[in-house]
Amino acid sequence: MQFVYPGFLFALTALSIPVIIHLFNFRRFKKILFTNVRFLKEIKQDTRSRSRLKHLLILLARLLAVTFLVLAFAQPFIPGNKANISGGTKNVGIYIDNSFSMDAVGKNGSLLETAKRKAREIANAYQPADHFQLLTNDFEARHQRIINREEFLQQVDEVQSTSSVKKLSEVVARQSDALKSVAQQQGKILLYEISDFQKSVADVDHLKNDSALLLNLVPLAAATEKNIFIDTCSLTVPFVQLNSQNELTVRIRNLSDADAESVPVKLFINGTQRSLTSINIGAGATAETKLSFSIAAPGWQHAAISITDYPVTFDDNYYLSFEVKEHLNVLSINESFPSPYINALFEGDSYFLLKNSPVNQVDYSAFLNDNLIVLNNLKTISSGLAQELKKYLSNGGALMIFPSLELDGESYRNFYQSIGAATFGGLVESDDRVSYVEKKNPVFADVFEKKNTGENTDLPIVKKHFQFSTGTHTNGEILMKLQSGDIFLSSLPVEKGILFSCAAPLDETCSNFPRHALFVPVMLKAAMSGFNSFQQPHVIGSNEDVAIPNVQLSGDNVLHLVNKDLKFDVIPELRQIADKSSITSNTQVKMAGNYSLEAVGKSLSSISFNFDRRESDLSCYDAGELKSLAEKSGLHTLALFDGSKELTHTVAELNEGRRLWKYCVWFALLFLVSEILLIRFMSSSKTLTTKGT
């Protein structure tokens, strides 16, 4: 047994007071002569014996009453396993996991409501003036304040679900930073983590031992861990063409122990349902389905894919946006004359707008408006043109190069090396033929009727071609290869753009490729690859920068991020570095959906935000697994509480020991009452009786 305030034990010296009173308060007897005391001898002896017993019992009652009263003030307790009792103010940090996974249902209702109730029970185990800190996944600034118990209980009532997700190690670090600044050697910091402890975020192995912290975990378990959700969605091909059949590929996961049959999947575009299908998903499996649609009007399109699943519903919708162009712009930079093959290809299709430009009259400022730039038989790539082409590729453009037989090797080499590509080498003047086509590449998707090209397939014939230098490392892909093993056509991603290089000039004296059937899909797909319709969705809470088209704002004009359905309109932070622009929402976006980026009332782009899918996996650690992880990590200051039981008494007993002061008060009162009863009812006199003679 130990004492919270052992200094009060000095008051036990007060036990001498009743002893002194007892010793110096004897009744003095006066002798009276009596003629015959024969009948009183027996009575006198009995009265003295009863009087002595009465005084001793009263003394004992007084001593015990004083003793237990002093012990009550000293507050004795029986230490628990983690007890750290000290007088003064306690520093208590309580974390309530309010992520979407806590919307799951447990034995006593929603896990979030259960967590709030447990937080109140823990707070009630401490004194009203103790220091408290409430923390949620939002990491709000107001939760950095240290408050009293009443304010803490008010803040608990205000906790709502959020899309934010934080790892356990981040939570503990945030709590300790806030409380250590006010602890000031007033005992250890007591931390309580109330959560379902999802395996995706409960990184117990990343926690570190800290002698100043007592870490307590309160795991809450859902009745069932079942969830069906949309994992991701994307365009089957990155280009959406007007009035054409397009496809979305949707991936759905079933994290339950039962098969899901005929799950309806709906596609909405600009608020209108455009497609519907159903899908079967095995237990614990992932399945994909495709949704077909067509777009009749150009511009930014807001798409949403939806399923229905209960009780976890935050991941039943997936938002994405893409742009449909009315026209694609193609620029052909020519050494002398325009190419008749390029003219015949693009001028016959109204969807493509072709512009020819001599190499000495190129308008570099218009490059960002072009989806495909073709270098047609240029002898030299000047340093200025090379710099602008590099910038064009970094912004997502597509570049197709057909070299000249009289090319300047140094200028080509300088440009290719600047973007990390293999440049042109020596000229080979011998007949050859294309023997290999990479049919899995998007350039040749849906071009061949059969998956495997037969021996009789008509492929381009080559008379003259350049060999590509192998001295430079490149991660490019070979699209077409000659029988000799040389590369005929290759592609190389360059930042957001893509470079296509052909080994032969665009001339029939070098190959029949300009008139070959494969020339059409190669050039059309190259033009389409220079424009990615799909805008990659962003995750709410990630706070990553969102790349946007380069904008120039004048005067008081600012950008607005708008969602009219949610009545949301904020001014995001704009960052411009060189010719690249980006924005950050600074955690202002809280709800998933499609948002428009506007300036001067004009829509510039569309940005989609989705909730973090880490919360979708409801698999959690139970108490046994958490204990095992803590032991493996050597966490000696960690304790586990049973979240299914009432915690006020448990917390008080385990963290402060078993308090005995109330029992001491009751015993003190009992012995005071005993003293009164002894004085009142225990008489030392005895009634005399006369016996007959």
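The values are calculated or read from the model by the stated rules, or taken from the named source; none is laboratory data. Because the structure is predicted, anything quoted here is derived from the model rather than measured. For neighbour counting, all protein chains shown are included, and Cβ atoms are generated from backbone atoms with ideal geometry for every residue, glycine included.
Looking at Lys208, Lys180, Lys188 in this structure, which one is buried (at least 18 other Cβ atoms within 10 Å of the Cβ) and modelled with pLDDT under 90?
Just one listed residue meets the conditions, Lys188.
Residues being hydrophobic (A, V, I, L, M, F, W, C) and over 15 Å from Leu389 (Cβ atoms): count how many of those fall in the stretch 481-496.
Within the stretch 481-496, residues that are hydrophobic (A, V, I, L, M, F, W, C) and over 15 Å from Leu389 (Cβ atoms) number 4.
Rundown of residues vs (1) among the hydrophobic types (A, V, I, L, M, F, W, C); (2) within 23 Å of Val240 (Cβ to Cβ); (3) surrounded by 20 or more Cβ atoms within 10 Å (Cβ to Cβ), yes/no style:
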| residue | (1), (2), (3) |
| --- | --- |
| Glu495 | no, yes, no |
| Pro505 | no, no, yes |
| Ser554 | no, no, no |
| Val570 | yes, no, no |
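Would you say Leu375 is part of a strand (DSSP E or B) and either of a type in the set (Val, Ile, Thr) or under 18 Å from Val362 (Cβ atoms) (or both)?
Against the criterion (part of a strand (DSSP E or B) and either of a type in the set (Val, Ile, Thr) or under 18 Å from Val362 (Cβ atoms) (or both)), Leu375 qualifies.
Among the listed residues Ser161, Ser195, which satisfies the condition of being surrounded by 23 or more Cβ atoms within 10 Å (Cβ to Cβ) and in contact (Cβ under 8 Å) with a residue 24 or more places away in the chain?
Only one candidate qualifies: Ser195.
State yes or no: is Ala503 in contact with a strand residue (DSSP E or B) (Cβ under 7 Å, 6 or more places away or on another chain) and under 21 Å from Phe488 (Cβ atoms)?
Yes; evaluated as a whole, the condition is true for this residue.
Does Gln133 qualify as being polar (S, T, N, Q) and in a strand (DSSP E or B)?
Spelling it out, Gln133 is indeed polar (S, T, N, Q) and in a strand (DSSP E or B).
Of all residues in the stretch 592-614, which are more than 19 Å from Pro298 (Cα to Cα), not in a strand (DSSP E or B) and not charged (D, E, K, R)?
Passing the criteria: Ala592, Val600, Phe611.
Give the residue, chosen from Val156, Val92, that is in a strand (DSSP E or B), in contact (Cβ under 8 Å) with a residue 24 or more places away in the chain and closer than 30 Å to Arg614 by Cα.
Exactly one residue qualifies, and that residue is Val92.
So which of Ile307, Ile281, Ile269 ends up being farther than 23 Å from Phe609 by Cβ and out of contact with any helix residue (DSSP H, G or I) (no Cβ under 8 Å at 6 or more places or on another chain)?
Going through Ile307, Ile281, Ile269 in turn, just one is farther than 23 Å from Phe609 by Cβ and out of contact with any helix residue (DSSP H, G or I) (no Cβ under 8 Å at 6 or more places or on another chain): Ile281.
How about the stretch 231-246: which of its residues are assigned to a strand (DSSP E or B) and within 27 Å of Lys325 (Cβ to Cβ)? Spell out the reasoning first.
So in the stretch 231-246, the residues assigned to a strand (DSSP E or B) come out as 231-235, 246.
Thr232, Cys233, Ser234, Leu235, Asn246 - these are the residues of the stretch 231-246 that are assigned to a strand (DSSP E or B) and within 27 Å of Lys325 (Cβ to Cβ).
Yes/no per residue for (1) surrounded by fewer than 22 Cβ atoms within 10 Å (Cβ to Cβ); (2) in contact with a Ser or Thr (Cβ under 7 Å, 6 or more places away or on another chain):
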position	(1), (2)
Leu214	yes, yes
Leu217	no, no
Asn227	no, yes
Thr232	yes, no
Leu242	yes, no
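Phe337 is checked against (1) buried (at least 20 other Cβ atoms within 10 Å of the Cβ); (2) in a loop (DSSP other than H, G, I, E, B) and fails just one. What number does that condition carry?
(1) is the only condition that Phe337 fails.
Filter the stretch 110-131 down to the residues that are farther than 25 Å from Gln198 by Cβ, out of contact with any Lys or Arg (no Cβ under 6 Å at 6 or more places or on another chain), of a type outside the set (A, V, I, L, M) and surrounded by 19 or more Cβ atoms within 10 Å (Cβ to Cβ) and list them by number. Break it down stepwise before answering.
Residues of the stretch 110-131 farther than 25 Å from Gln198 by Cβ: 124-131.
Next cut, out of contact with any Lys or Arg (no Cβ under 6 Å at 6 or more places or on another chain) only: 124-125, 127, 129, 131.
After this cut, where a residue has to be of a type outside the set (A, V, I, L, M) as well, the list is 124, 127, 131.
Listed by number, the list holds a single entry, His131.
What are the pairs, 6+ residues apart or on separate chains, where a residue within the stretch 531-543 that is farther than 30 Å from Met400 by Cα and modelled with pLDDT under 75 has its Cβ under 6 Å from a residue that is part of a loop (DSSP other than H, G, I, E, B) and among the aliphatic types (A, V, I, L, M)?
Once the first residue is farther than 30 Å from Met400 by Cα and modelled with pLDDT under 75 and sits in the stretch 531-543, no partner that is part of a loop (DSSP other than H, G, I, E, B) and among the aliphatic types (A, V, I, L, M) comes close enough.
In the stretch 172-195, is there at least one residue being closer than 30 Å to Asp617 by Cα, assigned to a loop (DSSP other than H, G, I, E, B) and either of a type in the set (Val, Ile, Thr) or not assigned by TED's automatic domain parsing to the domain that holds Ala592 (or both)?
Checked the stretch 172-195: no residue is closer than 30 Å to Asp617 by Cα, assigned to a loop (DSSP other than H, G, I, E, B) and either of a type in the set (Val, Ile, Thr) or not assigned by TED's automatic domain parsing to the domain that holds Ala592 (or both).
Ala527 fails exactly one of the following numbered conditions: (1) surrounded by fewer than 18 Cβ atoms within 10 Å (Cβ to Cβ); (2) in a helix (DSSP H, G or I); (3) in contact with a strand residue (DSSP E or B) (Cβ under 8 Å, 6 or more places away or on another chain). What is the number of that condition?
(1)
Between residues in the stretch 287-298 that are touching a residue at least 12 places away in the same chain (Cβ under 8 Å) and under 10 Å from Thr236 (Cβ atoms) and residues that are part of a strand (DSSP E or B) and among the β-branched types (Val, Ile, Thr), which pairs lie under 8 Å by C-beta distance while being six or more apart or on different chains?
Listed pairs, sorted by first residue: Lys290/Thr249; Lys290/Val250; Lys290/Thr277; Leu291/Val250; Leu291/Val265; Leu291/Thr277; Leu291/Ile305.
Checking Ser169 against (1) out of contact with any His (no Cβ under 6 Å at 6 or more places or on another chain); (2) within 16 Å of Leu190 (Cα to Cα); (3) surrounded by fewer than 19 Cβ atoms within 10 Å (Cβ to Cβ), which single condition isn't satisfied?
Of the numbered conditions (1) out of contact with any His (no Cβ under 6 Å at 6 or more places or on another chain); (2) within 16 Å of Leu190 (Cα to Cα); (3) surrounded by fewer than 19 Cβ atoms within 10 Å (Cβ to Cβ), the odd one out for Ser169 is (1).
How about the stretch 216-239: which of its residues are aliphatic (A, V, I, L, M) and modelled with pLDDT under 90?
Selection gives Ala221, Ala222, Ala223, Leu235, Val237.
Quick check on my filter: what residues within the stretch 531-574 are in a strand (DSSP E or B), over 26 Å from Lys325 (Cβ atoms) and over 18 Å from the mean Cα position of the chain (by Cα)?
Residues satisfying the conditions are Phe568, Asp569, Val570, Glu573.
Ile58 is checked against (1) at pLDDT 80 or above; (2) in a loop (DSSP other than H, G, I, E, B) and fails just one. What number does that condition carry?
Going through (1) at pLDDT 80 or above; (2) in a loop (DSSP other than H, G, I, E, B) one by one, Ile58 breaks only (2).
Would you confirm whether any residue within the stretch 385-399 is without any contact (Cβ under 8 Å) to a residue 60 or more places away in the chain, in the same structural domain as Glu477 (by TED's automatic domain parsing) and among the acidic types (Asp, Glu)?
yes
So if I check each of Leu574, Leu566, which one is aliphatic (A, V, I, L, M) and under 24 Å from Ala297 (Cβ atoms)? Show your work before the answer.
Values: Leu574 fails: under 24 Å from Ala297 (Cβ atoms).
Selected residue: Leu566, the only one of Leu574, Leu566 that is aliphatic (A, V, I, L, M) and under 24 Å from Ala297 (Cβ atoms).
From the set of residues in the stretch 349-372 that are assigned to a strand (DSSP E or B) and either out of contact with any Asp or Glu (no Cβ under 9 Å at 6 or more places or on another chain) or among the hydroxyl-bearing types (Ser, Thr, Tyr) (or both), which is farthest from Ser529 (Cα to Cα)?
Ser357
When residues of the stretch 615-667 are filtered for being hydrophobic (A, V, I, L, M, F, W, C), assigned to a helix (DSSP H, G or I) and closer than 30 Å to Asn227 by Cβ, how many remain?
4
Read through the list (1) under 29 Å from His206 (Cα atoms); (2) touching a residue at least 24 places away in the same chain (Cβ under 8 Å), then give the number of the only condition that Lys645 fails.
The failed condition is (2).
Go through the stretch 575-596 and report how many residues are of a type outside the set (Phe, Trp, Tyr) and either within 14 Å of Ser608 (Cα to Cα) or within 24 Å of the chain's Cα centre (by Cα) (or both).
14
Looking at the stretch 516-530, which of the residues that are closer than 24 Å to Glu326 by Cβ and of a type outside the set (Gly, Ala, Ser) is farthest from the chain's Cα centre (by Cα)?
Of everything passing the filter in the stretch 516-530, Val520 is farthest from the chain's Cα centre (by Cα).
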